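Some notes on the structure that comes next.
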Protein chains: 2
Amino acid sequence: MAKTVTAKAHTNIALVKYWGKKDAQLMLPQNGSISLTLDHFYTETSVTFDTQLNHDQVYFNDQLLQPAQSQRISRFLDLVRQRSGLHAPAAVKTTNHVPTSAGLASSASGFAALAAASSRAAGMDLDATALSRLARRGSGSATRSIFGGFVEWHAGHDDQSSFAEVIQDPVDWDIQMIAVVLKATKKPISSTDGMARVVATSPYYPAWVETAETDLTRMRAAIAAKDLAAVGTIAETNAMRMHALNLSAAPAFNYFTADTLTAIQAVTDLRAHGINCYYTLDAGPNVKIICAGHDTTVIKTALQQYFAPEQLIVAKPGPGITMTEA
Amino acid sequence: MAKTVTAKAHTNIALVKYWGKKDAQLMLPQNGSISLTLDHFYTETSVTFDTQLNHDQVYFNDQLLQPAQSQRISRFLDLVRQRSGLHAPAAVKTTNHVPTSAGLASSASGFAALAAASSRAAGMDLDATALSRLARRGSGSATRSIFGGFVEWHAGHDDQSSFAEVIQDPVDWDIQMIAVVLKATKKPISSTDGMARVVATSPYYPAWVETAETDLTRMRAAIAAKDLAAVGTIAETNAMRMHALNLSAAPAFNYFTADTLTAIQAVTDLRAHGINCYYTLDAGPNVKIICAGHDTTVIKTALQQYFAPEQLIVAKPGPGITMTEA
């Protein structure tokens, strides 16, 4: 009987965003990115390769997926089978510890956990850097979820040179996020299709790639200095420049909802009142507030004018990937 | 007794937007723009220069303004006094036929009417081109409101070369706008300050100026071809690229409200159902829908799911400036 490997990976939120591929096959991004891995949101995935199976069996939160639903996972497992030489179907059990429908980058923790569990189950012994390259093939942001704390994904120019590494872990200073989990709405466009449209049609895209490079340099310095205001300011501006690309595409699209605008305004107002807090957004309506732990109460109280307490989830810097074998 | 001149100017909505000055003193824009003058929204302004007055007296919708409130108008009148050699205070009566607080470019019709009435009252006899140069000094968009129909404002490089001219008037084909007049909220930033911040901080600004040039060429062709879909598509993309600049500024800002997002989505949905309609937005929450007259009912019906009938105002192509003397 083949061994079962279980991996646990945490999600991450980019502070300098990845937006746009330069190679969709190899999942090479147009620009590097920097993220913070969060403790509160994670995925646990077990993989067993089993020759007795007829095809991959994927359970997601205890529900067996139809082959059409697990196609992206099977394609990723094909890559592991090809590299390991182990040609057996896999039993995959994955549990997402992320609020239902929160859209909080579950593909980042999901493909990081799958890369780790499946490669080890297939007998490969990859180090963290090699794991981050492998996770990248499943989902760009998964590249960073192999590591804890502040992480940089180097864009690179081929499979070997595009990987993540730790900038700072553990994070021994007071920085956290408050995720504002908003009412899920139908996404106007997937992040894959959205970024492809942006790269193809936005006249601002070349300037984005340039400004991202500048932001990476500034963000590394802000993290080294443990400067919350600098980290937050760079992250907020970078995030809005990413969303500006979406508005500038043809046709234009955006991920904002009424609640998104409310949350952004609330953070802006808090800052005008001297609270050190900043917002960032990914390809969805949720807002993540970058702040210090000692401001949690004042920020939550202000946000509760508009949102229910259970919509406001505090997340601290989280750890890198862990694995167990059975 | 000096003569009283009354001028009536209509507002205009830009289809290729003006966003950013290259000379704040002379009000020279960074890029040219194209607009449609609208029949429904206008300003009527009477001016009499009167040596008996101690200072300018400005009545706005029958209310006497305090000097602090009429400072911008007096500064404009100073320019007219300087050019005409007539050094008398003025009595100004201006009435805005624009829904209260709609923020529908009332400075465009306002300064166009003021330029015409005050220059004629001061004894100057300016042709329309010269009037558009003069109106420009009051408010950039006023440059275009001297003319009716489709109008282009040439950016120029000095006072003489920065003026508007007619592209097509009368507009003898079926194009109109439906103004969606939304709940007025406090503007996050004035358009003057917003565009200054964009020019100073957006990494996308140089690409905006380039893309505006391309849009001008394409828009002229679309208007000449009387092609509603082309006019609408270019206008919508251009407007969102202007708003993208605001998101890309440091710090970011935006003029969207929840209702703005709703109106944009409604237009996008209507178009997905085969209705030939497009949206544009200026420095405020209101959405203007570009469409054909024969689609008025279907568009209004769809929008009335979200908005009251009195929030939806149909405006047809409007005329250029007119003046009467008494």
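Key figures
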| quantity | calculated |
| --- | --- |
| Some residue of the range A:253-265 being within 14 Å of another protein chain (Cβ to nearest Cβ), free of Cβ contacts under 8 Å to residues at least 12 places away in the same chain and among the aliphatic types (A, V, I, L, M) | yes |
| Unique match (being crowded, with 18+ Cβ neighbours inside 10 Å, among the charged types (D, E, K, R) and touching a Lys or Arg at 6+ places or on another chain (Cβ under 9 Å)) among B:Lys17, B:Lys8, B:Lys93 | B:Lys17 |
| All positions within the range A:121-143 that are under 18 Å from A:Ser70 (Cα atoms) and in a loop (DSSP other than H, G, I, E, B) | A:Ser139 |
| Filtered residues of the range B:261-278 (kept if buried (at least 24 other Cβ atoms within 10 Å of the Cβ) and not hydrophobic (A, V, I, L, M, F, W, C)) | B:Tyr278 |
| Total residues in the range B:27-63, condition under 16 Å from the mean Cα position of the chain (by Cα) and hydrophobic (A, V, I, L, M, F, W, C) | 6 |
| Check on B:His273, without any contact (Cβ under 8 Å) to a residue 24 or more places away in the chain and more than 13 Å from chain A (Cβ to nearest Cβ) | yes |
| Any hit, the range B:68-83, residues being over 14 Å from B:Tyr42 (Cα atoms), small (Gly, Ala, Ser) and at pLDDT below 95 | yes |
| Residue identified as in contact with a strand residue (DSSP E or B) (Cβ under 8 Å, 6 or more places away or on another chain), at pLDDT 95 or above and within 27 Å of A:Val58 (Cα to Cα) among A:Gly156, A:Gly140 | A:Gly140 |
| Test: residue in the range B:56-66 that is of a type in the set (Val, Ile, Thr) and more than 16 Å from B:Ala121 (Cα to Cα) | no |
| Residue satisfying all of: in the range B:158-210; of a type in the set (Asp, Glu) and within 18 Å of the chain's Cα centre (by Cα); farthest from the other protein chains (Cβ to nearest Cβ) among these | B:Asp169 |
| Filter result (closer than 26 Å to B:Ala235 by Cα, under 21 Å from the mean Cα position of the chain (by Cα) and small (Gly, Ala, Ser)) within the range A:213-250 | A:Ala239, A:Ala244 |
| B:Gly156 in contact (Cβ under 8 Å) with a residue 60 or more places away in the chain, part of a helix (DSSP H, G or I) and farther than 27 Å from B:Pro89 by Cβ | no |
| Filter result for B:Glu152 (of a type in the set (D, E, K, R) and over 15 Å from the mean Cα position of the chain (by Cα)) | no |
| Selection count where residues are out of contact with any Lys or Arg (no Cβ under 9 Å at 6 or more places or on another chain) and within 14 Å of another protein chain (Cβ to nearest Cβ), scope the range B:217-231 | 2 |
| Flag if B:Glu213 is within 13 Å of chain A (Cβ to nearest Cβ), touching a helix residue (DSSP H, G or I) at 6+ places or on another chain (Cβ under 9 Å) and among the acidic types (Asp, Glu) | no |
| Qualifying residue in the range A:309-325 (condition: buried (at least 22 other Cβ atoms within 10 Å of the Cβ) and among the β-branched types (Val, Ile, Thr)) | yes |
| Scan of the range B:232-252 for residues that are of a type in the set (Gly, Ala, Ser), at the interface with chain A (Cβ under 7 Å from one of its Cβ atoms) and buried (at least 21 other Cβ atoms within 10 Å of the Cβ), ordered by number | B:Ala244, B:Ser248, B:Ala252 |
| Test result for A:Ser118, in a helix (DSSP H, G or I) and either small (Gly, Ala, Ser) or within 30 Å of A:Gln311 (Cα to Cα) (or both) | yes |
| All positions within the range A:193-214 that are loosely packed, with under 14 Cβ neighbours inside 10 Å and among the hydroxyl-bearing types (Ser, Thr, Tyr) | A:Thr214 |
| Residue count, the range B:282-297 (criterion: part of a helix (DSSP H, G or I) and surrounded by 15 or more Cβ atoms within 10 Å (Cβ to Cβ)) | 2 |
| Meets criteria (polar (S, T, N, Q), over 23 Å from A:Ala142 (Cβ atoms) and surrounded by 15 or more Cβ atoms within 10 Å (Cβ to Cβ)) for A:Thr217 | no |
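The values are calculated or read from the model by the stated rules, or taken from the named source; none is laboratory data. Computed from a prediction, not measured in an experiment: that's the story for all the values here. As a convention, Cβ positions derive from the backbone with ideal geometry for all residues, glycine included, and neighbour counts pool all protein chains shown.
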